[in-house]
Structures are given as structure tokens and as C-alpha cells.
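To start, the structure under review is shown below, and the notes come after it.
Only the coordinates and a few stated rules stand behind these numbers; no lab work does. This is a predicted model, so every value here is computed, not measured. Every residue, glycine among them, receives a Cβ derived from its backbone with ideal geometry; neighbour counts consider all protein chains shown.
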Amino acid sequence: MLSVLVTGAAGLLGGEVCARLLAAGHRVTGLVHRNPDVRANSGTAVPIRTLSGDVSRPRFGWDEAKWCAVAAEHDLIVHCAATVRFDLAEEDYRAVNVDGVRHAVALAEAGGMRFLHVSTAYVCGARDGPVSENDPLPETGFANGYEASKAAGERLVRASGLDWTIARPSIVVGEYDSGAIRQFDTTYAAFKLIAEGRVRSMPARPGATLDFVPLDYVAKGITALVDSENARGETVHLVSAQPLPVEGFAAAIGAYPHFHEPNLVPPDRFDPAALAPLERRLYTRIAGLYASYFARSPQFDDRNARTLLGEGCPPTGPAYIRRLINYCIDTGFLPSP
């Protein structure tokens, strides 16, 4: 049994990781900030000790005595805390996704803890083709401030003297068997606008792909990495490894007669100014933030994940996409026919 501190414990992924670590027999402490509730993806409260703190502040805003006490009583940090929005200023990304990592690393160093850092597969930047878990991090070429800040956070982890592991999920969506997800945000907000026809056109490069990965596979993988001695010093892609062509994504939406199949326009022919005023506002504020994901085709290699976990992600083809959409309809997030 390990004593594990999970930052971002009230978040979607952090809560499910806490639930799984607890079920595996570990002693779990959740670091929370504005939201004090730690819940599994099912919505069930996770009965763990929680600490209130702000990762963007030195020592999480604690005094030195509390900082030293927390450092001394934990064996490992799972650093899930991050902002995943795509519309923030650079200083906001720096505060949470860079300085937050810096402060979490300092806590781990103070306590001699292992460090499991949750990054993103998209630290590869706006590139196509094979992406190895062991490729060097790019310095430039990121699609947005989120990706750039997550790469900067990874660099801090790698430069530390800690015993670290880096987990890189791709686009995290609902559970594999049911499509269930506790909260609809980020990617789902853009998906809703597209399916309901409020954003009718998206710039998309032919052959581009989306790597959707089930939440439960990612949480299970992170939990397994906590227990793996062989994961030390490794970078692990927690991805589908079966990217969905954007054309398949559009067709999956269009298979529902009451939804609007988006019009995919080559990026060099797409002009947001030509959209109707309401659609232009919705595209600019929400859907357009994800346009870069419709214009590239990274192929994430997950051989480290398969070696360390003994398995890869289950098939995420059309049947899985239908389960995701059906769950959105069943819960009222998307309209019924």
C-alpha cells in the first residue's frame, strides 16, 4: 500500500483515479481547490481525505509546517491538476500548467516522493505521422497555449531529480462500455454545437484524424502505473492508437437523422467571416478552438503502454462512437429524435 497525493482530485480524471487507487488498497489524499467534491465518473463520492490548496501558488498556499508534513506523509504524487481550456491567456496557462507543475515537483522533492505526471499526447505539437513515446519534446509548433504549457510542464518534470513517470492521454471521452461521462465540457461543447447544426461547417484537412480514448482506460492505466516498478523514467501514451478519420466522425453524427452532419471544408478555403453572424460567434468562441484537431493526423505509438500495462486500448471504432452519442442523448445533453 502506498500513500498517494492526487492533485486535481475534484476533476473528471482526478476523481476517477482517486476512486481506482482507493479500490486498489492505497491510502489516497485528494488535493482540491474551488470544488471540494471528489467523485468517481459514476458520480459516487470517493471517501478520501482531502486538502485544500492552490497549485498555482508556492507551497500550494500552505505554511511551511503544513507543507513539510504533507511532504513527509506521502510516497507518491499523481499530478492531474491542470487547466484544459483552449481560450486562456498565456499567464493563466503558465500559472496552472507550468508553475503548478513546478510547485508539485517541489513538494515531491521535499518528501522524496515518486512523481506521476499527467500530460497530453498532443505535446507533440501540430505534426502528422508516427509519434513515439520517446520522441524529444518540440520547442515550437504547438496548436494552442494549452499544448505549449503542457510541454513546458513536462520539461520541468524531466529536468527534476525525481523518480518520475509521464502519462499522456489523448482526447479523453466517455467510458468504453457505456459512453458515460460525469461532466460535459471542452470537447463535448464543440461536439454539441456541431451536432445541433449551430456550427454547420468546420475546416478539416482530408485524412486528418481524432484520437478519442475512453476515460476508464486512461484512469485504469494511471492506476496501474502507480503500482509499476518498471514505469519509472518512462513516458506512456494512453491513447486509442486507432485514430478516427474526421470524415468518420462527421458521418457518425450524420447517421442520426435529427443531427446535422458538418460540412468539412479544406482549411485554405474556410473563411469564418463568411459564416452567418451567430454561427461565426459560436465558431470563434467555442468550436473554432478545436479546429486544429481537424487538420492533423498524429499516429501515437503506444508500445510502452502495452508493455507496462499488458494491454492497449480496446477498439474505438464506429460502435464506440455511437455509444458516446447515445449516452449524450440519453442524458439530455443532446436532443432526442
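At-a-glance table
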quantity: Over the range 213-277 - Rg/Rh using Cα atoms and the Kirkwood inverse-distance radius; calculated: 1.22
quantity: Rg over Rh, two decimals, the chain (C-alpha only, Kirkwood Rh); calculated: 0.97
quantity: Paired Rg and Dmax values of the range 1-130, which use every Cα atom, in angstrom; calculated: 14.9, 49
quantity: Pair Ser52, Ala273: separation of 7 Å Cα→Cβ label points (nm); calculated: 5.0 nm
quantity: Bridge type composition, the chain - antiparallel percent by DSSP, nearest 5; calculated: 10 percent
quantity: For Val38, residues with placed amide H under 5 Å, excluding near neighbours; calculated: Val46
quantity: Percentage relative contact order, the range 84-212, counting C-alpha pairs under 8 Å, at least six apart; calculated: 30 percent
quantity: Only Lys, Arg (+1) and Asp, Glu (-1) charged, at Cβ; the chain dipole about Cα centre in debye; calculated: 480 debye
quantity: Å³ per residue enclosed by the Cα convex hull of the range 90-232; calculated: 153 Å³
quantity: DSSP-defined beta bridges in the range 29-182 - what % are antiparallel, rounded to 5; calculated: 5 percent
quantity: Additional length obtainable on full extension of the chain from Glu73 to Arg281, 0.36 nm per residue less Cα span; calculated: 69.9 nm
quantity: Amide H partners (placed H, <5 Å) of Gln299, local residues excluded; calculated: Gly129, Val131
quantity: Amide proton proximity set for Val213, modelled H, under 5 Å, gap of 5+; calculated: Ile171, Val172, Val173
quantity: In Hz, Karplus ³J(HN,Hα) per residue of the range 204-219 (6.51, -1.76, 1.60; θ = phi - 60°; x = Gly, Pro); calculated: 8, 7, x, x, 5, 9, 10, 9, 8, 10, x, 4, 5, 5, 5, 5
